[in-house]
Amino acid sequence: MLILAFDTATDVATSALVDGDEVLAERRSRAQTLLEDVDALLRQGGAHPSSLNGLAVGVGPGSFTGVRIGLAVARGLALSLDLRGAGVSTLDAIAEGAPGATPVVDARRREVFATVAGEHVVLPPAELPVEAGSLYVGSGAVRYRAVLEERGAIVPPDDDERHIPHARFHARLARDFGPIESIEPLYLRVPDAERNIA
């Protein structure tokens with residue numbers, strides 16, 4: 001099954017073209033260049049858009065704008081190519097790339113998105129349950145390294161690949177492909193725009 005996967009929820013947007021267990025092409029950039037990345041992936045992987053079987057898209061949690069860009073691109077591609085898709089949590093994809101680690105994404109506003117006891121949560125980094133000697137990865141772990149490490153957490157160096165939500169893991173985790181319109185973003189708090197209106 002030829003899957004185009006991408007995640008734009010964090011500052012580092014990732015995309016990949018995956019055929020079964022084989023990664024044909026992979027890119028890392030920004031959400032704003034996602035369509036260019038898709039074109040480059042197809043060329044690099046020697047695939048035509050019509051040969052795609054499905055889309056795996058990151059649904060967050062992360063940047064509201066980034067998540068919306070990814071879902072908008074997925075909807076446009078699905079409509080033009082008659083594709084089905086599956087949503088994958090950005091936190092789950094990070095965890096897939098770092099087995100045994102706790103994924104932590106920078107949520108801005110002095111908070112992090114994390115997976116705690118199997119649940120996706122948003123909380124201040126100082127309130128994140130930390131198990132001494134355990135591994136913490138993701139943009140939130142990098143940003144709040146000092147807070148986590150002083151409580152005994154292990155955070156890999158900033159340039160460690162395990163901090164990135166690589167799209168190849170979205171393709172691996174994608175299940176239940178269906179209409180793209182049914183994929184919902186994973187928001188763990190009210191977006192700034194809605195909060196400011198209220």
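Every read-out reported here was derived from the displayed coordinates using simple, explicitly stated rules and does not represent laboratory data. Just so we're clear, the structure is a prediction, and the values are computed from it rather than from any experiment. Note that each Cβ is placed from the backbone with ideal geometry, even for glycine, and that neighbours are counted across all protein chains shown.
Expressed to the nearest 5 percent, the antiparallel share of DSSP beta bridges inside the range 98-161 is 75 percent.
For the listed peptides 96-104, 2-10, 116-124, a ranking on the average number of other beta carbons within 10 Å per residue, highest first, reads 2-10, 96-104, 116-124. Taking springs between alpha-carbon atoms closer than 10 angstrom, which of Glu184, Glu26, Glu36 fluctuates most in the Gaussian network model of the chain? Result: Glu36 has the largest fluctuation of those listed.
The mean sequence distance of close C-alpha pairs (under 8 Å, at least 6 residues apart), as a share of the length of the range 98-161, puts its relative contact order at 32 percent.
Rank Arg75, Arg145, Arg175 by mean-square fluctuation in a GNM of the chain with C-alpha springs under 10 angstrom and give only the top-ranked residue. Of Arg75, Arg145, Arg175, the most mobile in the Gaussian network model is Arg175. In the chain, the calculated helix contribution to ellipticity at 222 nm averages -8500 deg cm²/dmol per residue, counting -39,500 (n - 2.57) for every DSSP H run with n ≥ 4.
In the range 120-164, which GluC sites (Glu not before Pro) are in a loop and have at most 16 other Cβ atoms within 10 Å, using DSSP for the loop call? Working shown, then result.
Working: sites: Glu127, Glu131, Glu149, Glu150, Glu161; in loops: Glu131, Glu150.
Here the sparse-neighbourhood loop sites are Glu131, Glu150.
For the chain, the alpha-carbon radius of gyration amounts to 1.01 times the rule-of-thumb value 2.2 N^0.38 Å expected for a compact globular protein.
If you average the sequence gap of Cα pairs under 8 Å that are 6 or more apart and divide by the length of the range 48-104, what percent do you get for the contact order? Present the calculation step by step, with values, prior to reporting the outcome.
Details: 60 pairs, mean separation 22.6, N = 57.
The normalised contact order for the range 48-104 reaches 40 percent.
Taking a span of 18 Å or more along the helix axis (Cα atoms) and a mean Kyte-Doolittle hydropathy of at least 0.5 as the rule, the DSSP H helices of the chain that qualify are 64-81. Here the Karplus relation 6.51 cos²θ - 1.76 cosθ + 1.60, evaluated at θ = phi - 60°, turns the backbone of the range 106-112 into coupling constants of 5, 9, 6, 6, 6, 9, 10 Hz, with x for every Gly and Pro.
I need the fraction of alpha carbon pairs in the range 98-161 separated by more than 18 Å, rounded to a whole percent. Don't skip to the answer; put the middle values down first.
Details: 440 of 2016 pairs.
Of the Cα pairs, 22 percent sit more than 18 Å apart.
DSSP beta bridges confined to the range 27-136 are antiparallel in about 60 percent of cases.
For the options Ile180, Ile164, Ile154, a Gaussian network treatment of the chain with springs between C-alpha atoms closer than 10 Å singles out Ile154 as fluctuating the most.
Dipole of the chain, Cα-centred, from +1 at each Lys and Arg C-beta and -1 at each Asp and Glu C-beta, to the nearest 20 debye? Don't jump to the answer; show the numbers that get you there.
Details: 19 positive and 28 negative charges, 76 e Å.
It works out to roughly 360 debye.
Between the residues Ala101, Ala141, Pro156, the greatest Cα displacement towards the positive end of the dipole of the range 98-161, with unit charges on the Cβ of Lys, Arg, Asp and Glu, is found for Ala141.
Summarising the strand pairing of the chain, around 65 percent of its internal DSSP beta bridges are antiparallel. Phi-derived couplings, Karplus 6.51 cos²θ - 1.76 cosθ + 1.60 at θ = phi - 60°, listed residue by residue for the range 146-155: 4, 4, 6, 5, 5, 9, x, 6, 9, 10 Hz, with x used for Gly and Pro.
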